[in-house]
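The values are calculated or read from the model by the stated rules, or taken from the named source; none is laboratory data. Just so you know, these numbers come straight off a predicted model, no measurement behind them. So basically every Cβ, Gly included, is an ideal-geometry build from the backbone, and we count neighbours across all protein chains shown.
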Amino acid sequence: MIPVTKTFLPPKEEYDALIQKIWDTNQIANGGPLHQELCQALNNSLATEYIILTANGTLPIQIALMSLAAEGEVITTPFSYIATTSAIIWQNCTPVFVDIDPVYLTINENKIEEAITPKTTAILATHVFGNPCDTEKIQELANKYRLKVIYDAAHAFGVKYKGKSLFNYGDVSTCSFHATKIFHTGEGGAIFSQDQQVFEELFYRHNFGHKGSLEYHGLGINAKMSDLQAAMGLAVLPYVKDLIKNRKELIGLYEQNLDFNSIGKIKIRKDTEWNYSYFPILVENEKVLLKILKVLKTYNIFPRRYFYPSLNTLHFLNSTKMPVSEDVSRRVLCLPLYQGLKSQEVEMICRLINKEMFKH
Ligand SMILES: Cc1ncc(COP(=O)(O)O)c(C=O)c1O
């Protein structure tokens, strides 16, 4: 079977050696030595300043919202994973969708201003597939209307934009370290901030609101990453550069072999050092997409409709139409991409897709 992704597992003896430290210190939770080591290692490798490691990549969005914009309307993108929108609703805020740019697939920065009302408190935008949003324009609007900016950077591990980590834009960036991501801790995630005060606020909130052992800063939740998760992160981190290099090669192969006369692809924003985290293609329409899925399935190949559906169409929302996002969601397909995917397999996937496209 060729799935859309496969988790990279580091050599087991390297993970075991890290886990041994838990037995040596008897510390496995509440920010033990491995947790601290991973914070340091990530700040060093990403050139970020303040990091909080979390149990997954969804809680950080909720914590960021609660800390920065606990009420009102939050402007967001309909083309993201459900966690982006559900976090807004979970925080009792109202998601206000702004359609996406058809080329970059990130929130359309030129449509944000018309969605701002006196109730708007924040912009929560996703760096879709690791492709940066227009951070300058978004910051300009945030400054003008005194809004907070939170980036769902779940896909952006290792991405640099204009020479610095993409996590260093906006008030807060969140990331997912889920097993499907380039850098992972099994389940896991992180919050990044460049401001010490914001960091402290976020830190309290991710640890029940504790300020010291007996005092409470305010309302919080338990979002802490365990040392077991951190051990996986420490074992995976040394391989990330190679994983990205391998993905770059595989995407190069897809690009050589697919017939782009009839297939569209995402444009990566200028000045981006991308992480090649996904390889989405855009086909002509949903009918063609379903036919491709059917053909590939007969060969045991499973790409993923990602993101689908457009979040504004969720049945528990009563939202306005988002024509670009709805159209893209119906036509987008992320092709298999993982360490260990063979070049012959990529070539076969391309042949099957090209053949199907030729029929239309
Ligand atoms: C854009 C985006 N945001 C948030 C999440 C949630 O991350 P997690 O699964 O770690 O909670 C994901 C997960 O894939 C995602 O793709």
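So the values come out like this:
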{"quantity": "Residue check for residue 205: over 24 Å from residue 60 (Cα atoms) and part of a helix (DSSP H, G or I)", "calculated": "no"}
{"quantity": "Residue in segment 108-123 that is more than 13 Å from the ligand (Cβ to nearest atom), of a type in the set (Lys, Arg), more than 14 Å from residue 325 (Cα to Cα) and surrounded by fewer than 20 Cβ atoms within 10 Å (Cβ to Cβ) present", "calculated": "yes"}
{"quantity": "Answer from 357, 322 - the residue that is in contact (Cβ under 8 Å) with a residue 12 or more places away in the chain and either in the same structural domain as residue 181 (by TED's automatic domain parsing) or over 26 Å from the mean Cα position of the chain (by Cα) (or both)", "calculated": "357"}
{"quantity": "Count - residues of segment 20-40 that are of a type in the set (A, V, I, L, M), away from the ligand (no atom under 16 Å from the Cβ) and crowded, with 16+ Cβ neighbours inside 10 Å", "calculated": "3"}
{"quantity": "Given (1) assigned to a loop (DSSP other than H, G, I, E, B); (2) in contact with a His (Cβ under 8 Å, 6 or more places away or on another chain); (3) surrounded by 24 or more Cβ atoms within 10 Å (Cβ to Cβ), number of the condition residue 170 does not satisfy", "calculated": "(2)"}
{"quantity": "Residue count, segment 84-96 (criterion: surrounded by fewer than 22 Cβ atoms within 10 Å (Cβ to Cβ) and either within 8 Å of the ligand (Cβ to nearest atom) or part of a helix (DSSP H, G or I) (or both))", "calculated": "3"}
{"quantity": "Selection count, segment 135-154, where residues are under 16 Å from residue 78 (Cα atoms) and of a type outside the set (Phe, Trp, Tyr)", "calculated": "4"}
{"quantity": "Exclusive hit being hydroxyl-bearing (Ser, Thr, Tyr), closer than 23 Å to residue 185 by Cα and free of Cβ contacts under 8 Å to residues at least 40 places away in the same chain, set 54, 25, 84", "calculated": "25"}
{"quantity": "Lone unmet requirement of (1) more than 11 Å from the ligand (Cβ to nearest atom); (2) more than 21 Å from residue 199 (Cβ to Cβ) for residue 179", "calculated": "(1)"}
{"quantity": "Candidate set from segment 208-217 (those that are outside any loop (DSSP other than H, G, I, E, B) and touching a Gly at 6+ places or on another chain (Cβ under 9 Å)); member that is farthest from residue 49 (Cα to Cα)", "calculated": "216"}
{"quantity": "When residues of segment 180-191 are limited to those that are touching a Leu at 6+ places or on another chain (Cβ under 9 Å) and in a loop (DSSP other than H, G, I, E, B), the one surrounded by the fewest Cβ atoms within 10 Å (Cβ to Cβ)", "calculated": "186"}
{"quantity": "Those helices (runs of 4 or more DSSP H) lying entirely in segment 1-71 with at least 3 residues farther than 21 Å from residue 240 by Cβ", "calculated": "12-25, 59-68"}
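The rows are residues; the columns are (1) touching a residue at least 40 places away in the same chain (Cβ under 8 Å); (2) of a type in the set (S, T, N, Q); (3) not assigned by TED's automatic domain parsing to the domain that holds residue 276.
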position: 6; (1), (2), (3): yes, no, yes
position: 45; (1), (2), (3): yes, yes, yes
position: 50; (1), (2), (3): yes, no, yes
position: 90; (1), (2), (3): no, no, yes
position: 96; (1), (2), (3): no, no, yes
